[in-house]
Amino acid sequence: MRIDAPRIYLLTECPEYVREGGGALPESGKVAARASHGRARSAAAGAVAAAVWALQEPVDRRLIGCDYSDVAVLGKALADGRAWWPAGFAMHLANGALFGLAYHEARRRWPERPRTLGVGLALVEHAALYPLCYFVDRFHPQRGATGVPPLLKNHKAFMQATWRHALFGLVLARLA
């Protein structure tokens, strides 16, 4: 018998599976297997949505006229020189995957309107965390560098972030 994540879940959480000898997946096991697959899909969707966000940044920076880049904010806090972009992109994808997992759990509770949920959660996250730009403005090691302008009182940067979060939520909901 092959041991995989759904079976480990069943062995630890479902006594009827153990009593039945651990053969075919019982109905509760099929639900667990689907939930595990759904989480992976939602995490992947979050990473893809974050990639779409990051790859469209040059376009919205040009259109809006603000030099704000989330990839730069993350990457330039982690690495110097040319390594900042891959580091920031990787961190952005990881954040997107984690958000995808949170979206998955929320969608299990409110499944009726997934696109509204995706965009809504992304915009709530934006509104809740944007005040933390105070710390970016004050303590970021590369503040003032390309891609890391003053953010907290920057209306164009707020507009960029709003657009980016809405786009992220739409892509996430479509793919998850």
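The values are calculated or read from the model by the stated rules, or taken from the named source; none is laboratory data. The structure presented is a predicted model; accordingly, all values stated were derived computationally and were not measured. Cβ sites come from the backbone with ideal geometry, for glycine too, and all protein chains shown count toward neighbours.
Kindly indicate whether residue 158 is assigned to a helix (DSSP H, G or I), of a type outside the set (Gly, Ala, Ser), touching a Phe, Trp or Tyr at 6+ places or on another chain (Cβ under 7 Å) and touching a residue at least 40 places away in the same chain (Cβ under 8 Å). When the stated conditions are applied, residue 158 does not pass them. As a summary of the residue check, residue 7 satisfies the conditions (1) at pLDDT 95 or above; (2) surrounded by fewer than 19 Cβ atoms within 10 Å (Cβ to Cβ); (3) among the charged types (D, E, K, R) except for the one numbered (1). Of the residues making up the range 121-136, at least one is buried (at least 20 other Cβ atoms within 10 Å of the Cβ) and more than 13 Å from the chain's Cα centre (by Cα).
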